[in-house]
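No value in this document is a laboratory result; all are computed from the given coordinates. Please read all numbers here as calculations on a predicted model, not as lab measurements. We place every Cβ from the backbone using ideal geometry, glycine too, and count neighbours over all the protein chains shown.
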Amino acid sequence: AQKITQTQPGMFVQEKEAVTLDCTYDTSDPSYGLFWYKQPSSGEMIFLIYQGSYDQQNATEGRYSLNFQKARKSANLVISASQLGDSAMYFCAIGAGGTSYGKLTFGQGTILTVHP
Amino acid sequence: DTGVSQDPRHKITKRGQNVTFRCDPISEHNRLYWYRQTLGQGPEFLTYFQNEAQLEKSRLLSDRFSAERPKGSFSTLEIQRTEQGDSAMYLCASSDRGRGGELFFGEGSRLTVL
């Protein structure tokens, strides 16, 4: 079984500052992937970033980076230079590797509000 | 790449009625997934297909729920004898093997059962 814990129900950040959204996970699978998705008020889930469990380097996608600490089972999302359009719900998710790809377990999410 | 499309976007029905949702995935993706999201929660996995074969169903998918993907292209999710607890957003997603199986989601079908 896999589990994702997001302990921050809501976060506030000033525009142009960086913010870290926390995510811890639990899994018994030796190979897995970690994902972050953004869900604006419109409802669509938007993929942000992916980290494989065997990847040596932390993933980066533009202003998004994933701080992966395998021993601590954490996969925090860092958003640099926050923008007003970053205000949304953010979900961390985990999926098993191999043939079960795409079957994800999501956390409860963190609502991010960016202030001007 | 036209993205994943879902229809209808919103459905209001009375308890006991049947409803059906349709999902058209990204054409080159062989896997199609259904998730359910209730207010304030993250999406929960329901079922997925590889081509036309339904490979796994969650225990969340009661006998009143059935999903099909008859020709390996679009999929339908039918809920029979709807209950108020079925009210949720039903999300469809498709995937290939890229980036660990990154899911491409549709905009969802919101169901309200009165």
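Relative contact order of chain B: what whole-number percent is it, with Cα pairs under 8 angstrom and at least 6 residues apart?
Values: 283 pairs, mean separation 41.3, N = 114.
Averaging sequence separation for qualifying contacts and normalising by length gives 36 percent for chain B.
Close lysine pairs were tallied over the protein assembly as shown: pairs 8 or more places apart or on different chains with Cα atoms under 20 Å apart number 10.
Look at the alpha carbon pairs under 8 Å that are at least 6 residues apart: their mean separation over the length of the stretch B:48-114 gives a relative contact order of 24 percent.
Counting other C-beta atoms within 10 Å, which of B:Ser58, A:Ser80 has the fewest, and how do the rest follow? Mind showing how you got there, number by number?
On the way: B:Ser58 16, A:Ser80 13.
Least crowded to most crowded, the residues run A:Ser80, B:Ser58.
Panel order for B:Glu83, A:Glu44, B:Glu28, by other beta carbons found within 10 Å of each beta carbon, from fewest to most: B:Glu28, B:Glu83, A:Glu44. Backbone amide hydrogens, once placed in the peptide plane, bring A:Ser82 within less than 5 Å of A:Lys16, A:Glu17, A:Ala18, excluding anything fewer than 5 places away on its chain.
Remark: B:Phe21, B:Phe65 ranked as B:Phe65, B:Phe21, counting other beta-carbon atoms within 10 Å and listing the fewest first.
Starting from the stretch A:1-77, pick out the chymotrypsin sites (Phe, Trp or Tyr not before Pro) whose DSSP state is loop and whose Cβ has at most 11 other Cβ atoms within 10 Å.
Working: sites: A:Phe12, A:Tyr25, A:Tyr32, A:Phe35, A:Trp36, A:Tyr37, A:Phe47, A:Tyr50, A:Tyr54, A:Tyr64, A:Phe68; in loops: A:Tyr54.
Passing sites in the stretch A:1-77 are A:Tyr54.
A Cβ-based charge dipole, computed about the Cα centre of the protein assembly as shown with Lys and Arg at +1 and Asp and Glu at -1, lands at about 480 debye. A simple rule links phi to the HN-Hα coupling: the Karplus curve 6.51 cos²θ - 1.76 cosθ + 1.60 with θ = phi - 60°, which for the stretch A:89-104 gives 8, 10, 10, 9, 8, 10, x, 6, x, x, 6, 8, 4, x, 8, 10 Hz, with x for Gly and Pro.
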